[in-house]
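The values are calculated or read from the model by the stated rules, or taken from the named source; none is laboratory data. Every value quoted in this text rests on a predicted model; they were computed, and no experiment measured them. Because the Cβ atoms are built from the backbone with ideal geometry, glycine has one as well, and the counts that use them run over all protein chains shown. We work out accessible area using only protein heavy atoms, side chains counted, and drop any ligands, DNA or RNA first. Shrake-Rupley method; radii C 1.70, N 1.55, O 1.52, S 1.80 Å.
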Amino acid sequence: MKKPKDYIIFPLDVPSVRKAKEYVKMLSGSVGMFKVGLELFVRSGPEIIDFIHDSGTAGIFLDLKLHDIPATVSRAMEGIADFGVEFATVHCSESNKMLEAAVEGSKGKVGILGVTVLTSVSGEDINAAGFKEEFYSDISKLVLRRAVNAKKAGCTGIVCSGLEVEMIKAEMGKDFVAVTPGIRPLWEGMKKDDQQRITTPAGAIQNGSDYLVIGRPIRDAKDPREAAIRIADEIESVL
C-alpha cells in the first residue's frame with residue numbers, strides 16, 4: 001500500500017554531485033523518489049543513479065525531458081531503460097511520432113511521462129509563442145490536448161500542474177499517472193517565484209495527483225528531513 005511519503009518526489013536540483021549525495025543520504029527514508037534532472041545528470045551521468053539505488057529503497061525519476069527526432073529519442077530511451085528508473089520524461093510539444101518512439105525505446109522497462117506545459121509557463125508565454133487564443137487564454141486546454149496525444153502514443157502518464165490534475169483524471173482515467181510539480185505546503189505560503197501554476201500537497205492529492213515534485217520547501221528548510229515528514233503528514237490528512 002502506498003504510504004504518504006511515497007507520493008513525494010524530491011528533485012536533486014543542486015550544483016554538485018557531492019551535494020546531491022548528501023540529500024540522498026538525508027532523505028532516503030523520508031521521500032518515495034528522487035528526481036534526477038538535466039543539470040545533475042550532465043555533471044554525474046549514471047553515477048548518481050547507481051548511488052541512489054545503493055542508498056535505500058527510494059525510486060528514481062529521470063527527468064531529462066527528451067526532445068529530438070524520433071530515432072534519436074528512441075535510442076536515448078533504450079539507454080535509459082537499462083538504468084532501472086521508474087519514470088523518464090519526454091516533451092509533448094512536437095509530433096506524436098516522438099512520443100511513440102520514446103515508448104518503443106523504453107521496451108516496457110520504464111514509465112514514459114509526457115511533459116505537457118511547464119509550470120513556469122504562463123498564458124502570456126503561450127501567447128508569445130504564437131499559439132491560438134483558446135490555448136493562451138486557458139492553458140488547461142493545451143495541457144489536455146497534449147495529454148490526449150501522450151496517452152494515444154502509449155505513455156504511462158504526464159507531468160502537469162496540480163490545477164489541471166482533476167480535469168486530466170476525469171478525461172483520461174485514474175490509471176493515467178499524473179506527476180505534479182509546483183507544490184507549496186500550506187505552512188510555507190503560496191509563493192510563486194518562477195513557478196506560475198502552483199497548489200498545495202493536500203490540494204493536488206485531492207485533485208488526483210499520483211506523485212508530487214517538492215523541492216524548495218524541503219531543500220530550503222532548516223531541517224529538510226523534518227520538512228519532508230511534515231509534508232507527508234499533510235498528504236496523509238487527505239488520503
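Each row is one residue, and each column tells you yes or no for (1) among the β-branched types (Val, Ile, Thr); (2) modelled with pLDDT of 95 or more; (3) in contact with a His (Cβ under 9 Å, 6 or more places away or on another chain).
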position: Gly157; (1), (2), (3): no, yes, no
position: Ser161; (1), (2), (3): no, no, no
position: Ala170; (1), (2), (3): no, yes, no
position: Glu188; (1), (2), (3): no, no, no
position: Asp194; (1), (2), (3): no, no, no
position: Arg197; (1), (2), (3): no, no, no
position: Thr200; (1), (2), (3): yes, no, no
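Run down Leu118, Leu99, Leu64 and say which single residue is at pLDDT 95 or above and within 27 Å of Ser16 (Cα to Cα).
Criteria check complete, one pass: Leu64.
Taking the criterion of being touching a helix residue (DSSP H, G or I) at 6+ places or on another chain (Cβ under 9 Å), open to solvent by less than 60 Å² (accessible area, probe 1.4 Å), part of a helix (DSSP H, G or I) and among the aliphatic types (A, V, I, L, M), would at least one residue in the stretch 181-197 satisfy it?
No, every residue in the stretch 181-197 fails to be touching a helix residue (DSSP H, G or I) at 6+ places or on another chain (Cβ under 9 Å), open to solvent by less than 60 Å² (accessible area, probe 1.4 Å), part of a helix (DSSP H, G or I) and among the aliphatic types (A, V, I, L, M).
Pairs under 6 Å by beta carbon, first residue over 17 Å from Ala20 (Cα atoms) in the stretch 221-239, partner surrounded by fewer than 15 Cβ atoms within 10 Å (Cβ to Cβ), six or more apart or different chains?
Taking only residues 6 or more apart or on different chains, not a single pair turns up.
Does Ser209 meet the test of being among the small types (Gly, Ala, Ser) and open to solvent by 10 Å² or more (accessible area, probe 1.4 Å)?
The answer is no for Ser209.
Within the stretch 23-44, work out how many residues are closer than 28 Å to Ile235 by Cα and not aliphatic (A, V, I, L, M).
Of the residues in that region, 9 qualify.
Find the residue count for the stretch 3-14, including only residues that are crowded, with 22+ Cβ neighbours inside 10 Å and over 15 Å from Ile231 (Cβ atoms).
1
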